[in-house]
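In what follows, a single structure is set out as structure tokens and then discussed.
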Amino acid sequence: MFGKEEGTMNLKIGVIKGDGIGPEIVTEAMKVLDKTAARYNHTIEYTQLLMGGASIDVNGIPLTDETVASAKACDAVLLGSIGGDAKTSPWYQLEPSKRPEAGLLKIRKELNLFANLRPAVLYDELKGACPLKEEITDGGFDMMIMRELTGGLYFGDRKTVCEDGVMTAYDSLTYNENEIRRIAKRGFDIAMKRRKKVTSVDKANVLDSSRLWRKIVEEVAADYPEVTLTHMLVDNCAMQLVKDPRQFDVILTENMFGDILSDEASMVTGSIGMLASASLNETKFGLYEPSGGSAPDIAGKGIANPIATILSAAMMLRYSFDLDEEADVIEAAVGEVLKKGYRTIDIMSEGKTQVGTAGMGDLICSFI
Ligand code: IPM
Ligand code: MG
């Protein structure tokens, strides 16, 4: 991965443009990556990969084994978004295991991407978009949701059967101690680089899997004496996120709870088009994607906000390539563009200058 010249690298990046607004927003992130690589004398080798609806259209299934192998051969993968409108798209006429989302679940499992990092940050410039009262968010908030991504309900046995003439569906929620331990360690490691606070979220008043979760998280916490650990029940956490989001630093939680809480947390920032995410395994490999969906209603219009994808590319440089300075430069460029008053339509407010997807990408490049 290292280039000939000292400090320069050849980055092998898999690119899944995906469906909906995916291709537009990924194109802008690639522009920003190219500009950054040029400034620091790195080279980038992109491998285009098909997943989701785009793969169904070509291969009949949302992710082929060949694509998984190609992804594994890269150092990291940048993903736009997958999926379409479930009411109108023919992809959703297929059986569940062949729909776009199944591709996403398969790549998570096959690449062992168990640690999903979802930051939810209130940007000072975008405070106006936050749906919470100002006295609640005064001073801003900055939390990291650490969601377990390859276990629990998403990957347990499931079936739908007819029992004594009654249709019955089963989904099983299983965690073993090793799965809990490895995600907990990641959560505490991240907390050590932040404000040293972990809120572990579970439903230990009802579920056995949550009681084991709590026990193992406490064991891991013993190795991190500087980190303050709090346990919180998931229903309470859902309330606390809107009551006082400033109390959170790292939220550590299992797959399903993390899915729900991360949508809630992104909503309270008011600007989901700004939020990046990373899914990591035991190595430096990671899959990086914006937190928002494929937004089929605005696909192809050139108005989607590419910032979340651009910030995901910055996360990639930081976590998969240890290029912290390069990542800082991208994040600072995003900050500059916002400070200068440029906005895509989703974060537009009075007195600001509205730009499109490509315009936003170009502006960010101009500050790199
Ligand atoms: C997410 C999404 C996925 C999930 C869906 C598309 C399967 O909601 O990444 O949060 O539930 O994990
Ligand atoms: Mg989700």
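Computed values, structure above
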quantity	calculated
Neighbours by Cβ (under 6 Å, 6+ apart or cross-chain): first from region 154-165, free of Cβ contacts under 8 Å to residues at least 24 places away in the same chain; second away from ligand 2 (no atom under 16 Å from the Cβ) and part of a loop (DSSP other than H, G, I, E, B)	Gly156/Ser172; Gly156/Leu173; Gly156/Thr174; Asp157/Ser172
Residue within region 323-337 that is open to solvent by 20 Å² or more (accessible area, probe 1.4 Å), among the small types (Gly, Ala, Ser) and either out of contact with any Gly (no Cβ under 8 Å at 6 or more places or on another chain) or closer than 15 Å to Ile13 by Cβ (or both) present	yes
Some residue of region 162-174 being under 30 Å from Val242 (Cβ atoms) and not assigned by TED's automatic domain parsing to the domain that holds Ala29	yes
Subset tally (residues that are under 21 Å from Thr150 (Cα atoms) and either surrounded by fewer than 24 Cβ atoms within 10 Å (Cβ to Cβ) or not β-branched (Val, Ile, Thr) (or both)) for region 244-264	12
Candidate set: region 62-87, residues that are in contact (Cβ under 8 Å) with a residue 24 or more places away in the chain, among the hydrophobic types (A, V, I, L, M, F, W, C) and within 16 Å of ligand 1 (Cβ to nearest atom); chosen: the one farthest from Glu282 (Cα to Cα)	Ile82
Tabulated pairs, region 213-234, first under 14 Å from Ala191 (Cα atoms), second hydroxyl-bearing (Ser, Thr, Tyr) and buried (at least 18 other Cβ atoms within 10 Å of the Cβ), C-beta under 9 angstrom, 6+ apart or interchain	Val217/Ser200; Ala221/Ser200; Leu229/Thr199; Leu229/Ser200; Thr230/Thr199; Thr230/Ser200
Lone unmet requirement of (1) under 21 Å from the mean Cα position of the chain (by Cα); (2) more than 28 Å from Val201 (Cα to Cα) for Leu94	(1)
Sole residue being at pLDDT 95 or above and open to solvent by less than 40 Å² (accessible area, probe 1.4 Å), chosen from Val198, Val166, Val161	Val198
Elements of type strands (runs of 3 or more DSSP E) contained in region 29-124, each with 2 or more residues being small (Gly, Ala, Ser) and surrounded by 20 or more Cβ atoms within 10 Å (Cβ to Cβ)	76-81, 115-121
Residue match in region 123-143 (condition: on the phi < 0 side of the Ramachandran plot, within 11 Å of ligand 1 (Cβ to nearest atom), within 19 Å of the chain's Cα centre (by Cα) and at pLDDT 95 or above)	no
Every pair of residues 6+ apart whose Cβ atoms lie under 7 Å, when the first sits in region 186-208 and is at negative phi while the second is of a type in the set (S, T, N, Q) and open to solvent by 10 Å² or more (accessible area, probe 1.4 Å)	Lys197/Thr228; Thr199/Thr230
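The values are calculated or read from the model by the stated rules, or taken from the named source; none is laboratory data. Given the structure is predicted, the values throughout are model-derived calculations rather than measurements. For neighbour counting, all protein chains shown are included, and Cβ atoms are generated from backbone atoms with ideal geometry for every residue, glycine included. Quick note on the areas: whole protein, heavy atoms, side chains included, nothing else; ligands and nucleic acids left out. Shrake-Rupley method; radii C 1.70, N 1.55, O 1.52, S 1.80 Å.
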